[in-house]
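The structure under discussion appears below in the form of structure tokens.
The values are calculated or read from the model by the stated rules, or taken from the named source; none is laboratory data. Values in this document were obtained by computation on a predicted structure and should not be read as measured data. Here Cβ is always computed from backbone atoms with ideal geometry, including for glycine, and neighbour counts include all displayed protein chains. Side chains are part of the model used for accessible areas, which takes the heavy atoms of the whole protein and leaves out ligands, DNA and RNA. Shrake-Rupley method; radii C 1.70, N 1.55, O 1.52, S 1.80 Å.
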Amino acid sequence: MIAQLFASGHAADIVLGVLLLEAAWLALARGWGWGRVLGLLGPAALIVLGLRAALVGADCWWIALPLAASLPLHLIDLRSRLRDH
């Protein structure tokens, strides 16, 4: 059962669901703006999407694109955090 969870990519779907819940909590309960939430959780979501693509045997481009896109988003978030301090 656990092996099927990973082979189907649903393990990554669960992680994405938890990230979505965290995003909603940060925005609604903590009052964070959606841009700030995206900066914090966007890179993680993109990395998990790359993981999901790898788990289901997708073409290498579907793995590489979200992984590559996570770096600029992370750097933008990092720059804004360093500027705030």
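Results, tabulated for the structure shown:
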{"quantity": "Per-residue [θ]222 nm for the chain (sum of -39500 (n - 2.57) over DSSP H runs n ≥ 4, rounded to 500)", "calculated": "-28500 deg cm²/dmol"}
{"quantity": "Charge dipole of the chain about the Cα centre (unit charges at C-beta), most positive-ward option of Leu75, Ala44, Ala54", "calculated": "Leu75"}
{"quantity": "Probe 1.4 Å, protein heavy atoms only - accessible area per residue of the chain in square angstrom", "calculated": "70"}
{"quantity": "Under 5 Å, built H, 5+ apart or other chain: amide partners of Trp32", "calculated": "Ala27"}
{"quantity": "Rounded to whole Hz, the Karplus (6.51, -1.76, 1.60) HN-Hα couplings of region 41-51, x for glycine and proline", "calculated": "9, x, x, 5, 4, 5, 5, 5, 5, x, 4"}
{"quantity": "Accessible surface, 1.4 Å probe, highest first, among residues Leu28, Leu71", "calculated": "Leu28, Leu71"}
{"quantity": "Assigned charges on the beta-carbon of Lys, Arg, Asp, Glu; the chain dipole about Cα centre (debye)", "calculated": "300"}
{"quantity": "The chain: trypsin sites (Lys or Arg not before Pro) in DSSP loop, at most 11 other beta carbons within 10 Å", "calculated": "Arg30"}
